[in-house]
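Okay, so here's the structure we're looking at.
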Amino acid sequence: MATEEDVKVFSFDVDGTLVSKSFTDAVWLRGIPEAYAEQKGLSIEDAYAIIKSDYERVGDESIEWYRIDYWLRKYGLELTPEELFTRYRNEVHVYEDVEHVLKELRSAGYDLVISSNATMEFIEFQIPPVIRRLFSHIFSATSHFGEVKKSNSFYTRVCQILNVEPHQMVHVGDHWVFDFLNPREIGINAYFLDRSGSTNKWHRYIINSLEEVLKMFGDKV
């Protein structure tokens, strides 16, 4: 386990870590089907079936799968990402522990960054300014590096840009492979965040809230 003296940077995932997944689910599973149904005069059920089939056909191994502008153009929808996002702004929910934990870490002198698979449009819309300003960098695998997953090379590049060694970074996220296994493979101190508490905490690197991060690095904060 890293010590306070080793760590210089705390990195966080976005969906499921800083904010709930309700907004992204609303945009992809309600917003686009509803807009397509309205434009084409289809039922919501028929529009959803068509779009779900297209999502599956393109697949999450393709960069287009993540790009909202690609889907708006594909269906000829006459609205911007911002207009679509605004329809579901009430679905953006920042978790209650986020602001407090980030401010404590920042006050303790740690550098804070976002390391996400989401595109910048989604990140910027969901993270309010009061929280965004606490981060020195935002890294989007899809927008900045053209990668469809947070791979080992993604984390390596992040460390290089920040000029830190992997053991000097802590990463927290809710995906077992992309937020836990992959960063740990290159030496990053990764913690798997399970906010539901459903994962058996047999592992000391499984946490249920960001407050647990403060407990682990409490001497400095």
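FYI, it's all coordinate maths here, none of it is from the lab. As the structure is a prediction and not an experimental result, all values here were calculated from the model. Every residue, glycine as well, gets a Cβ built from its backbone with ideal geometry; the counts of neighbours run over all protein chains shown.
Just a few scattered comments:
- Percentage relative contact order, the chain, counting C-alpha pairs under 8 Å, at least six apart: 26
- Note on the chain: with a GNM built from Cα contacts shorter than 10 Å, the maximum mean-square fluctuation among E64, E45, E147 falls on E45.
- Dividing the mean sequence gap of close Cα pairs (under 8 Å, 6+ apart) by how many residues region 22-91 holds gives a relative contact order of 39 percent.
- Across region 107-134, the residues whose backbone nitrogen lies under 19 Å from the label position 7 Å along the beta-carbon direction of V177 are 116-119.
- When each of H137, H100, H171 is scored by the number of other beta-carbon atoms lying within 10 Å, the sequence from fewest to most is H100, H137, H171.
- Region 1-105 shape via C-alpha gyration tensor axes, a/c threshold 1.5: prolate
- Less than 5 angstrom separates the built amide H of H137 from those of I114, all sequence-distant by 5 or more or on a different chain.
- Most mobile of E211, E78, E91 in a GNM of the chain (Cα contacts under 10 Å): E78
- Rg/Rh for the chain stands at 1.00; both radii use Cα atoms, and Rh follows the Kirkwood definition.
- For the pair A49 and S196, the difference between a 0.36 nm per residue extended length and the Cα-Cα distance amounts to 50.0 nm.
- Given their separation in residues at 0.36 nm each and the Cα-Cα distance between them, E99 and L42 gain 16.3 nm when the chain is fully extended.
- Using a Förster distance of 25 Å, the FRET efficiency for K74-K149 (Cβ separation, nearest 0.05): 0.65
- For the pair E83 and E185, a Förster radius of 35 Å applied to the C-beta separation gives a FRET efficiency near 0.30, rounded to the nearest 0.05.
- Zone of A108's modelled label, taken as backbone nitrogen in region 153-178 under 17 Å from a point 7 Å along Cα→Cβ: 167-173
- For the chain, the antiparallel share of DSSP beta bridges with both residues in that region comes to about 5%.
- Taking label points 7 Å from Cα along the Cα-to-Cβ direction, I63 and H203 give a separation of 3.0 nm.
- Shape of region 93-153, Cα gyration tensor, a/c cut at 1.5: prolate
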